1. What angle do you read, to the nearest 10 degrees and between 0 and 90, between the alpha-carbon axis of helix 465-475 and the longest principal axis of the chain?
2. Using the Karplus curve 6.51 cos²θ - 1.76 cosθ + 1.60 with θ = phi - 60°, what ³J(HN,Hα) values do you get for each residue of the stretch 364-376, in whole Hz, with x for Gly and Pro?
3. Treating only the Cβ of Lys, Arg, Asp and Glu as charged (+1, +1, -1, -1), what charge dipole size does the chain show about its Cα centre? Round to the nearest 20 debye.
4. Defining a contact as two alpha carbons under 8 Å apart and six or more residues distant in sequence, what relative contact order in percent does the stretch 415-641 show?
5. Mind checking the alpha-carbon convex hull of the stretch 511-582 and giving the volume per residue in Å³?
6. Find the lysine pairs in the chain meeting two conditions, Cα atoms under 28 Å apart and a separation of 8 or more places or different chains, and report how many there are.
7. Would you kindly calculate the mean projected area, averaged across all directions, of the convex hull enclosing the Cα atoms of the stretch 3-173, in square nanometres?
8. Taking only C-alpha pairs under 8 Å that are 6+ residues apart, what is the relative contact order of the stretch 3-173 in percent?
Amino acid sequence: MSLIKQLWLAIVVVTLAAFGISFVVSTLSARDYIQQELQRKNIDNANALALAMTQLPKDPTTLELLLAAQFDNSHYEYIRLTDPTGKHTMMERSIDTAAIVSAAPGSADALAPGWFRQLVPIRSAPAHSLVSDGWTPFATLSLKSDPAFAYGSLWHGTVQLVGWFVAGAVLIGLLGTVLLRTLLRPLDKVVAQAQAIGERRFVSIEAPATPEFAAVVSAMNTLSTRVRTMLEEESARLESLRQAAQHDPVSGLLNREHFLAQVAEVLESDNAPRHGALVIVRLSHLIAVNESLGRAAADALLRTLADNLGALLPEDGTWLLGRLNGTDFALLAPELDTPAPLAAALAERLELAVGNHLPEAYRALPIGIACYQRGDTLPQLLAHADVALDRSEAQADTPPQVEHVNPATRPATDLAGWRSLIEQALDSGRFHLAQFPVVDRHRQILHLETPVRMQHPTDGIELTAGDVLPWATRCGLLPRIDETVVDQALALIASTRTAVCINLSTESMCHAPTIHHIAEQLAAQPAAARQLSIDLPEAAAFRHAVEFRALCRRLKPLGCRIGLEHVSAQVCRIGELHDVGLDYLKISAAVIRGIDTNPGNQTFLRGLATIAHTMGMQVIAEGVASLTEAEQLDALGFDGLTGPGIRH
């Protein structure tokens, strides 16, 4: 029960108690006073009437007229004239009390209801007086006043008392409500903070002026601060583990194992771009350089080489850079259409940054480039890159060499062609959702992952998200595709009664009309909204933090779950999302690959699961390929699994 309701209940109880006491005291006092007054009235009227009869002739007609006149002009229950002994009634006037009719409500002589008469009985004591005929007793006069007027007066006073008490209670209740709401206004912020903490958003607020509330807010602020501090410390420790497990200690680049796992994921993932290139740069004669310049100078040279390669990476973070071994550095460039400009830029930059610092005999920096299509195998790609590298190294000036692994045509080759294809597919309903299970540790379905697919409008070829979405981004059609995905996901939930997870692009997240449209769809179907999960790219949460938080504030109250997918490189920043209330993290398949044989990544993922659970998030592994990987992930504390090795 709310405080305002409790206040009104207390006012009602106090008012009833006060009214009861006042009613008893005032009514009994008034009744005693009225009874005394009725008794005096009866005595005075009896004496006066008896004196008048004594002075009049004693014929019956005269006495009858006097008796009737007195009865009709006053309020009497009866007036009776008996012989002096009181045994025989000579004449009498009386009223039938059962036939009394109440006056109109609100009038001065209104009669009281029967229950009130029984509750507060008024006794009107009769009076007696002697009527004489000269010196001889003639008769005895008895009269008794009718208490109906007294009941009416007492009832009217009681009604007024009730009215005043009710009016006072209502006035006090209204004033108390206003005052209580004013006093409790800071409590709204306290409640909001408590709800935020319950939703895994560890926020702090300004302490209110009310001391009692200030103590509560201070305690919760301390809790939030401690949790944030703990998350920051755990994130820093997690980043140290990640660096040790996934990065080369000298150059700071991805180590061979993790880099190749990332490349394999790009080659296999339907969401990855359809084509790209793998570049390998070799620092020849590294052992001789190390002996000639010294280990410290050689390490500095390696870091310079890594920095200059890193300068070529685009800001969107789609390219990968790693060190395969002591001499070889690798660059993965997804969606690279023509490798020649990159090869020229690499050769020029590396010659200026590194070649000029090496002895003439050691300046060889061969570059091999292998172009690939999605679906190529990793050994095949590496073999072609080695062929290109060997060809470059075999020539005197080591020019960059390019190998094409498996050239393939694309449905369209220019922006206009892709725009036409995508718009036709949208208009004809050729976008649909594939379905892949995500299971919990008991191998029961958590939800269905539903990546988007597009059927070619003319030849019926099914194109994956990696084929279509890069072009849809350039054409500005991603928001329209995402709206279609949400429509189909809600329809799938309604038909299968199964939880569904969709992917939402960064472009749509930053497009306010699209988010408004999605929010309206979810609000219109609250039951389906509670079964919907939305995956957002890891980078979106940090590069577009304002828009990401706005999306969470808009969609999470509608019941859907929001999480990050392909989590890997920026996992150390997960503590920054303490105030968002994310529901889950999906860890990139590049980190999961071979987890059963990688102790470094096992330590890293165990720490990641711990910090995610502290923030109230589930941890789901992507790209699980085998039963042994699944068992290892269960042991590390993962809540969900998905990938080619998962069957429901």
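Taken together, the values in this text are just the output of simple stated rules run on the coordinates, not laboratory data. The structure presented is a predicted model; accordingly, all values stated were derived computationally and were not measured. Cβ coordinates were reconstructed from backbone atoms using ideal geometry, including for glycine residues, and neighbour counts include every protein chain displayed.
1. Between helix and principal axis, roughly 80 degrees.
2. Values, residue by residue: 5, 10, x, 10, x, 10, 10, 8, 10, 10, 4, x, 5 Hz.
3. Working: 51 positive and 69 negative charges, 463 e Å.
Approximately 2220 debye in magnitude.
4. Relative contact order here is 15 percent.
5. 77 Å³
6. So the count of such lysine pairs works out to 9.
7. Across all orientations, the stretch 3-173 yields a mean hull projection of 12.0 nm².
8. Value for the stretch 3-173: 32 percent.
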